[in-house]
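The block underneath contains the structure these notes are about, expressed in structure tokens.
Derivation of every value follows stated rules applied to the coordinates shown; laboratory data play no part. These figures come from a predicted structure and were not determined experimentally. All Cβ positions, glycine included, derive from the backbone under ideal geometry; neighbour counts span all protein chains shown.
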Amino acid sequence: MRSFVIRRHVALLVSAIVVASCEGESANSSAASAGRSATAAGLGAAWRPAAPMATPRERHTATLLLSGGVLVAGGFDGSGSSIATSETYDPARDSWTSSGAMATARSGHTATPLSSGKILMAGGSSNGSPVGTVELFEPATASFAQAGHLVVARTDHTASLLASGQVLLVGGRTGDGTSAAAELFDPATGTSTAVAPLSHERWGHTATLLPSGSVLVAGGRDKGNVDLVTAELFDPATRAWTAAASMKHGRKNHTATLLRSGAVLVAGGYDGGAVEEAELYDSSGTWTVTSPMTVSRYRHQAVLLSSGKVLVAAGAKSGTDDTAAGGIDTAAAELYDAATGTWSTTATLALARRWHTATLLPSGSVLVAGGSHSASAEIYDPMDSPLTVCPPSAEVAPRAAIAFVATGGSGVGYRWSLALDGSGGSVDPVTGAYVAGATGGVTDVIQVVDSAGNVAAATVKVTEALSVTPATASVAPGASRSFTAHGGSGDGYVWSLAANASGGSIDSTGTYTAGALDHVVDRIQVTDSAGNVAFATVSVGHELVVTSGSSVPPRGTLQLTASGGTGTGLVWSLETNASSATIAGDMYQAGAQGEVVDVVRVTDSAGNTATHSITVTRCVSITVPGGSNFAPEAQHTTLIATGGSGTGYRWSLVTNASGGSIDAGTGEYASGPTGGVADDVQVVDSLGNVATTQVTVAPWRLEGSGGCSSGGGGAWTLALVGAAALLGRRRRGRKWPNHAGAAVLALALLGPATARAGGFANERLQPAAGTHDILGVQSALVPPHLTPHAAAFLSYADEPLRLTAAGTRRAYLPGQTTLTLGASLGLYDRFELSLALPFSVQRTGRSGLRGTAASTFSSTGIGDVLFVPKARVYAGSRLSAALAAPITLPTGNSDSYLGQGSATVSPRLIVELAVARGLRLTGNAGVTVRRSSEQLALKVGSAIAYAVGAEAPFRLAGQRMSAVATFTGETQLNASGGDPGLEALAGVSWHGPLGMAVTIGGGPGLSNAYGTPRYRVLTALTFGGATAAPQDQAAHELQSRPVAEPPVVAVSVVPNKPAAPPDEGARLLGTIHFAFDKAVLRPEALPVLDNIAAEARAQPSLHLYIEGHADRRGPEVYNQGLSERRARAVRDALAKKGVPMNRMQVRGFGETRPLDAAHTLKAYARNRRAEVLQEAAATARNAP
């Protein structure tokens, strides 16, 4: 019982929190009204008596404290003497308590509430004498303390609390009469400071703090007894006064109320008689006349109510303006509605009065106290809203509790009762706490009456009584069954067994388990949080179970069976229907959705239920061995069906875009001739389950047959470079430096790209016949002026084009043999022009291939003519650079893959490095610009071209040899879906007399790009350019720039006669020796060169022959170039000394003419030389 009481209190607390949220809303518009009728504005407003003060008083002050109480202080007593006492009103208890006395008795003073909660009492009159002291009231101790002095003692003044915390005191009457003085009192320091005075002295005026922070002073009477219309504004920032617009009517002893809009309502006052006029001062600084009051009055009070309306109460309506005697007071009160600008009457006070106070209480009511020497007090209840009950309606369970709240009406004195009590409930007459009775399914009515007799009501629907589902059940011994509680309080259900014949049990969730005894009855009980009780009956027998099978294929059927329970009245249903199954009677048929579980439920005549899961097996599906991509006319695959009924599969083609076929019984599918399409295959099993799949017949596309995929050429290139390094050993058995091979490998491993092809020149090997080119990779070196060169290249490319679709590949161009004839010519030691014409013989192209655009193409023909202009742009001692712009002319047939079908241009940069021991590396990079062409799903357009080549000289059996290797590549700029064209070649060259060289080589394709063969073999025969070895390019640069290298040569001076000239008839003018592997002069050579130059200048007909030589160390080809560079170095030095270039010829003899045949350092030093001879040596030295 104790827990039930606790739960009821908790419910009341929760309901109180809920109803608090609807306070202030108009929740019961239909509430009945009883008692006094409301006026149009008052809505049943009323005055009610409050406890009287201990002392009669008028012209006192009343100030709202932070505690909610009201402090009344000073004033005149009934005999007309000033009072020092004070008292505080407690609205909650309707009682007054003494609050101590001021040090100075005073009336007509001001009371200003400060932010600290203290009250500042300033000025006033003490039995006719103006007061200049200031006192502070401390609410905590209910006592007064001296706080300072005013600059001017005054009464009938105004006091305004500014935002700064200072108090502005203005005007009033002093010992000298009416005053215009103003001062600021600082409560923090207890000091007062005079500020600028008013422009017009006044008393009986009003002062209103505006939202802007300024203070509006309006009306009052001046020292000439004129009731003023003027108004002034005080600016706290400047402490200065400015004139404001004048009122429409002069007045004193009026009221000024700041409205919510920021406007100031000035009402009533005295101007030779009581005034009824009212006017508004707005934020624009103008006065506007509003509706007059219903009663003329002065010395009244005005209060801004919480509704926004203004209550004006009591005052004097006739008599003199400065004494209370002889006048007629009024008890009338009225309300000003700022929204409509109109006045309306409201309830009348019990006592007519003037010089009273009116204070707005926290409850919204107004306390009027004193006035006309009275101690009485009254409270005004606005009744701005009708009496309502929150919530206006509610729904609770039997015995449940809820709290109701009344708002509006008079706001006080609420009394509660039950107007209708169908449930047998109760309500607390004071708090409104309601508790429903035990009867459910009924409605109670709650009623409340306020102190003014207004009535409101709320309805309470008491919900259904507590019940248990199922109310009866049958279970087998030891079986379980879940019970559910409904209604009642809706929570806090507690389960128990009221009767337990089977020895069963029940848990907190309502799950009941029968005991071992059968053919007995147990009784289940549930109690809710409100104490309501309900019961269910359980018959303990055999448990109901489903005995049917547990799996069927999609669309399959199953007979449903059950045992136990009552054995009769079985009703079958689907509790979970994932397959979209149906049940007809006891026959279950699965839906088309497979791999799901359906759950069937059976219920017997006693309401016992059992469930059973049926697994619907996998739907029919199709498996395509090897994947669903086929080549046209290329594949026969037997499709596999599984799932569904597992029998009776029948195959068909729903769509047949390729022109293929399928065996209806076996599912063997054959793709048709049309590629780039899809066929839809369907299979249906014996139950009508259907599955479809799509097979794609890919289009044929062209590609090459290289052995590696994109980016896979690194291993081939590494092997080729390694082979070149092995072949490039020096005669003395020394290996070339490792960094040379690393450089070749780095240039070879360019990133992969994509390519497209069609109607194009298929042959990727396009040698330009340059003098120093390496297997078609262009060199940065150029031959001497007018040096010719001829070349013939014969290559065979195996399967450079093939067809591919869905992993199936067929040879399209099985083989291509190309003979390229070319020639080149050196010009001015800086340029080389090359011309090459290819002639191809191809194995028969594939024809009659259905589903493609291919047709028979020509097996022989010429290719595009290649013209290559090349210009050397830099030549150093080891590094050279050139620019070339290979151009092809459309002389080949593009339909036969012999030509591009349009002119192309391939600007590129060529860089070459001469490494020690004669090894040289050359690299090409550029862009091939050509018109795009497309065939068989491949597109060929402009591309980035790149290549790297290496040559390593060596000797074999006394013969000059060299190992060569290249790596070439091309990446399409406007294509996708293919590999970059990558190919690697390696070979060996034999260098014979007269510039003849024979090269044999080959290599693999490294990608599947168009034109890339599986492998290529080639041979080349070149002629010409024998006088300039590939390593001589630095000498060309020395012809055009001064010698700037450090001096490293040794010079032997020979006077103007021959010293053992090497040939008859030659006159040796001088011999200059060089350091090892150097061709640079030093200052010691200047005397010899000066003598030779002087003689040449003296004999204008004298022609000089300068012959360079090298020792036997190093490759022969390299030494040939070194000897020529040494001869040119001497020639350039003589040219600087005034010897014309056209009178000098240079010649290099390499290591072929040693002065000393010994293999000693001394012999080597003698042989490293350049000899300057007279013209007679020309004939003798023509032979190499």
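Just to confirm the filter: which trypsin sites (Lys or Arg not before Pro) across segment 208-273 are DSSP coil and have at most 15 other Cβ within 10 angstrom of their Cβ?
Here the trypsin sites (Lys or Arg not before Pro) that fit, given the DSSP loop and packing criteria, are 223, 239, 248, 260.
Cut-off is 10 Å between beta-carbons; in what order do 1102, 1021, 919 appear when sorted fewest neighbours first?
1021, 1102, 919
If the only charges are +1 at each Lys and Arg Cβ and -1 at each Asp and Glu Cβ, what is the size of the charge dipole of segment 883-966 around the Cα centre, to the nearest 20 debye?
Values: 8 positive and 4 negative charges, 57 e Å.
Charge dipole of segment 883-966: 280 debye, to the nearest 20.
Which value in nm describes the separation of the simple spin-label points at residue 496 and residue 990, placed 7 Å from the Cα toward the beta carbon?
About 11.9 nm separates the two model spin labels.
Which far-off residues, 5 or more places away or on another chain, put their amide H under 5 Å from the one on residue 395, with H placed in the peptide plane?
461
With just the Cα atoms defining each centre, how far is segment 226-266 from segment 453-529? Give it in Å.
One Cα centre to the other: 76 Å.
Would you mind calculating the gained length between residue 1163 and residue 878 on full extension (0.36 nm times residue separation, minus the Cα-Cα distance), in nm to one decimal?
Full-extension gain reported as 99.9 nm.
Roughly how many Å is it from the Cα centre of segment 101-155 to that of segment 534-613, as a whole number?
What the calculation gives is 93 Å, centre to centre.
Considering amide H positions built from the backbone, and no H for Pro or chain starts, which residues 5 or more places from residue 979, or on another chain, come under 5 Å of its amide H?
Amide H neighbours of residue 979, under 5 Å, 5+ apart: 755, 1008, 1009.
Once you have a ≥ b ≥ c as the square roots of the Cα gyration tensor eigenvalues for segment 467-540, tell me rounded if a/c is under 1.5, and otherwise prolate or oblate according to whether a/b is larger than b/c.
Here segment 467-540 falls in the prolate category.
Within segment 461-487, whose backbone N sits under 16 Å from a point 7 Å along Cα→Cβ of residue 525?
In segment 461-487, the label zone of residue 525 (backbone N under 16 Å from the point 7 Å along Cα→Cβ) covers 466-468.
Chymotrypsin sites (Phe, Trp or Tyr not before Pro) within segment 1072-1162: which are DSSP loop residues with at most 12 other Cβ atoms inside 10 Å?
Listed in order of number, the matching sites amount to none.
Just tell me which aspartates and glutamates come within less than 12 Å, Cα to Cα, of residue 939; anything on the same chain fewer than 8 places away is out.
Of all the aspartates and glutamates, those that pass the test against residue 939 - Cα under 12 Å, at least 8 places apart if same chain - are 703.
Convert 4 °C to kelvin, take the viscosity as 1.567 mPa s, use the Kirkwood radius over C-alpha pairs of segment 545-693 as Rh, and evaluate the Stokes-Einstein diffusion coefficient in µm²/s, rounded to a whole number.
Numbers: Rh = 17.5 Å.
Reported coefficient: 74 µm²/s.
When only Cα pairs under 8 Å and 6 or more residues apart are kept, what is the percent relative contact order across segment 541-590?
With pairs under 8 Å counted, the relative contact order is 39 percent.
Fewest Cβ neighbours within 10 Å first, please rank 619, 390 accordingly.
619, 390
Across 10 Å bins from the origin, how do the percents of Cα pairs in segment 181-283 run, short distances first?
Values per bin, smallest distances first: 15, 45, 31, 8, 0.
Could you work out Rg/(2.2 N^0.38 Å) for segment 428-582, with Rg from alpha carbons only?
1.57
For a quick check: with amide H placed at 1.01 Å from N, whose amide H comes under 5 Å from residue 927's, ignoring anything fewer than 5 positions away on the same chain?
Amide H neighbours of residue 927: 945.
Read phi for every residue in segment 1100-1112 and hand back ³J(HN,Hα) as whole Hz from Karplus 6.51 cos²θ - 1.76 cosθ + 1.60, θ = phi - 60°, with x for Gly and Pro.
The phi angles translate into x, 8, 7, 10, 10, 10, 10, 10, x, 9, 9, 7, 7 Hz.
In segment 79-181, which trypsin sites (Lys or Arg not before Pro) fall in coil by DSSP and have 14 or fewer other Cβ atoms within 10 Å?
The qualifying sites are 93.
Which of rounded, prolate, oblate describes segment 545-616, given a ≥ b ≥ c as roots of the alpha-carbon gyration tensor eigenvalues and a/c under 1.5 marking rounded, otherwise prolate only if a/b is larger than b/c?
Values: a/c = 2.23, a/b = 2.19, b/c = 1.02.
It is prolate, given that a/c is not under 1.5 and a/b is the larger ratio.
Before anything else, pin down the relative contact order of segment 865-909: Cα pairs under 8 Å, at least 6 apart, normalised by residue count, whole percent. Please list the in-between numbers first.
Working: 80 pairs, mean separation 15.6, N = 45.
The normalised contact order for segment 865-909 reaches 35 percent.
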